[in-house]
Amino acid sequence: MEALPAPVARYLHAALPAQRPVATSVHVAQRGTFLLRPARDGWFPFEARQALGLNPPGFVWEARVRLAPGLRVHVVDSFRDGAGAMRATLLGFRLSDVRGTPDIAQGALLRYLAEAVLLPAALLPENGVVWRPLDDDRARAGLTVGATSVSLDFTFGEDGLVRSVFTPARMRDVGGRGVPTAWQGRWWDYRPCEGTLVPHRGEVEWLLPEGRQVYWRGQVESVAFG
């Protein structure tokens with residue numbers, strides 16, 4: 001802890017339990033809304049379950065997005081064994097299935113690092129994260145898994161907790177082509193869960209030349225550490 005940038009050390013001291021063994025996995029239930037198309041009526045509700053672990057680093061996010069009564073898109077987003085994947089199906093028909101590419105691995109590992117606030121032990125140096133100070137309330141986290149290396153800038157609030165994460169270049173699909181685009185996630189409503197502080201609300205957005213495009217808003221319904 002003493003070797004970490006000051007805002008990172010403050011966060012980990014606040015978020016991790018003081019006495020109990022540190023958890024190595026977490027299962028989370030979520031609900032929220034997802035932007036399927038960039039229009040006023042493009043938001044649809046979802047329910048999801050997510051498992052995130054650090055031995056090895058990875059996650060599986062499985063969601064059902066409700067388009068209409070009885071009509072749901074099944075989405076599975078994951079980073080496992082150093083590879084990313086994203087699959088979406090509707091009524092058993094495949095809408096998309098992307099896996100094994102460098103771009104999907106980079107995007108999935110960025111998501112893992114951004115959502116490590118759900119499992120704060122994942123942000124400890126002993127679990128592969130390399131921290132570099134930026135200023136009094138920001139630090140850069142780097143992580144390499146297999147052939148994929150990513151970094152995120154973490155901003156910490158006055159309470160010492162992670163307020164947002166940012167990268168200037170996450171791949172965004174534009175007409176079937178990956179375009180590096182500024183990307184940000186924001187977290188708030190921290191609550192104690194089994195001695196660990198976990199954010200219960202968040203949103204994710206692309207930072208486009210024409211302005212912010214939020215595409216995911218969610219809240220945590222339950223947390224179980226392992």
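The values are calculated or read from the model by the stated rules, or taken from the named source; none is laboratory data. Everything numeric here is computed off the predicted structure, so don't read it as measured data. So basically every Cβ, Gly included, is an ideal-geometry build from the backbone, and we count neighbours across all protein chains shown.
Things to note:
- When ASP103 is tested against (1) buried (at least 20 other Cβ atoms within 10 Å of the Cβ); (2) not in a strand (DSSP E or B), only condition (1) is not met.
- Any hit, the range 16-27, residues being at pLDDT 95 or above and more than 24 Å from VAL130 (Cβ to Cβ): yes
- Positions within the range 58-104 being of a type in the set (A, V, I, L, M) and under 30 Å from ASN127 (Cα atoms), in sequence order: VAL60, ALA63, VAL75, VAL76, ALA83, ALA85, MET86, VAL98, ILE104
- Across the range 191-205, a minimum of one residue is classified as modelled with pLDDT under 95 and charged (D, E, K, R).
- Matching option when the condition is modelled with pLDDT of 95 or more, within 18 Å of SER25 (Cα to Cα) and of a type in the set (D, E, K, R), among ASP135, ASP77: ASP77
- Of all residues in the range 160-181, those that are in contact (Cβ under 8 Å) with a residue 12 or more places away in the chain and farther than 14 Å from PRO7 by Cα have Cβ atoms under 6 Å from Cβ atoms of residues that are of a type in the set (S, T, N, Q) and in a strand (DSSP E or B), 6 or more apart or on another chain, in PHE166/GLN184; ARG172/THR181.
- Test for LEU4: is it touching a strand residue (DSSP E or B) at 6+ places or on another chain (Cβ under 9 Å), within 18 Å of ASP173 (Cβ to Cβ) and in contact (Cβ under 8 Å) with a residue 60 or more places away in the chain: no
- Scanning the range 78-88 for any residue that is over 18 Å from the mean Cα position of the chain (by Cα), farther than 30 Å from ARG163 by Cβ and surrounded by fewer than 21 Cβ atoms within 10 Å (Cβ to Cβ) turns up at least one such residue.
- Residue, farthest from ALA63 (Cα to Cα), within the range 1-15, restricted to residues that are at pLDDT below 95 and of a type in the set (A, V, I, L, M): ALA3
- Test: residue in the range 16-24 that is within 18 Å of the chain's Cα centre (by Cα) and surrounded by fewer than 19 Cβ atoms within 10 Å (Cβ to Cβ): yes
- Pairs where the first residue, in the range 75-98, is among the β-branched types (Val, Ile, Thr) and the second is part of a strand (DSSP E or B), C-beta under 6 Å, 6+ apart: VAL75/ALA63; VAL75/ALA88; VAL76/GLU62; VAL76/ARG87; THR89/HIS74; VAL98/MET86
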